[in-house]
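The structure appears right after this line, and notes come after that.
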Amino acid sequence: MEAKKLCIVGASGKLGQYMVEIALNEGYEVVGVCREKSRHKLDRFKDRITLFGSATDDAEVIRQATEGCVAVLTVLVPWGVHGYSLGTARAVLEQSPPDARLVFSCGWHISQDGQDQYSWHLKALVAIASPLARWLRVGDIEDQMRATNLIFQSQRKWTVVRGSDLEEGESEGLPGWAKHVGDPILANNRTRRIDFALFMVKAINNDALIHQSPAIVSCQSASALSASPQS
């Protein structure tokens, strides 16, 4: 049987590299898109994947890279101050095959319906970091919000996976998730980066996540909470 083909947009980053490895291990044919200067980060996979060296908001490159793909996994990175996340989201939504499963990654500060309950620490961090990053011209957190708002309005088969405190280490298993930040299951908001990638890949075949923006957490943290007595 011919392997199913998927595209990973932003394949050279830490999260993207984990997704490439997991997707290959699960038998997918993988196409990657990353900036030309970052291609070398994927050298260990170069004989196993097809790679496009380009900005991820290049619509024509996204069209070529996603052709024939059953799914497109996209890392939304708020680089620079020129709408990189928004451009990337638009390119994926408009150029990928009509029936493709679209899975995007972003931070917890995104809200689909306004019902998330953020800690004062996170609110303060976003309030300080967002204007500072724009002033330094290194990033635009609000651009990620504009990108996900565009996704939320789309009728495509999308999922936006939200992660907060990521750490390195061996896999702990598929993360647990909640619909809204503030759910008790997310109290310990750490997740292994490799497990974030695992959740992204597994979401392809989970129809319950279509048009959802799950906030994820380590399965060990989630299991510990569910096993503890509730007051």
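The values are calculated or read from the model by the stated rules, or taken from the named source; none is laboratory data. Just so we're clear, the structure is a prediction, and the values are computed from it rather than from any experiment. Don't worry about glycine lacking a Cβ; one is built from the backbone with ideal geometry, like all the others, and counts go over all protein chains shown. Accessible surface areas use protein heavy atoms only, side chains included; no ligands, DNA or RNA. Shrake-Rupley method; radii C 1.70, N 1.55, O 1.52, S 1.80 Å.
Within segment 22-38, count every residue that is at pLDDT 95 or above, part of a helix (DSSP H, G or I) and surrounded by fewer than 18 Cβ atoms within 10 Å (Cβ to Cβ).
2
Name every residue in segment 189-215 that is of a type in the set (Gly, Ala, Ser), over 19 Å from Val31 (Cα atoms) and open to solvent by less than 10 Å² (accessible area, probe 1.4 Å), in order of residue number.
Ser213, Ala215
Would you mention how many residues in segment 56-72 are buried (at least 17 other Cβ atoms within 10 Å of the Cβ), under 14 Å from Thr88 (Cα atoms) and aliphatic (A, V, I, L, M)?
Number of matching residues: 4.
Please tell me if Ile185 is at pLDDT 95 or above, open to solvent by less than 50 Å² (accessible area, probe 1.4 Å) and either aliphatic (A, V, I, L, M) or assigned to a helix (DSSP H, G or I) (or both).
In short, no.
Could you go through segment 151-168 and let me know if any residue there is closer than 30 Å to Arg63 by Cα, at pLDDT 85 or above and assigned to a helix (DSSP H, G or I).
Checking segment 151-168: at least one residue is closer than 30 Å to Arg63 by Cα, at pLDDT 85 or above and assigned to a helix (DSSP H, G or I).
Every residue, every condition in (1) in a strand (DSSP E or B); (2) in contact with a Gly (Cβ under 9 Å, 6 or more places away or on another chain); (3) modelled with pLDDT under 85; (4) of a type in the set (Asp, Glu), yes or no:
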site: Asp47; (1), (2), (3), (4): no, no, no, yes
site: Leu73; (1), (2), (3), (4): yes, yes, no, no
site: Leu93; (1), (2), (3), (4): no, no, no, no
site: Gln112; (1), (2), (3), (4): no, no, no, no
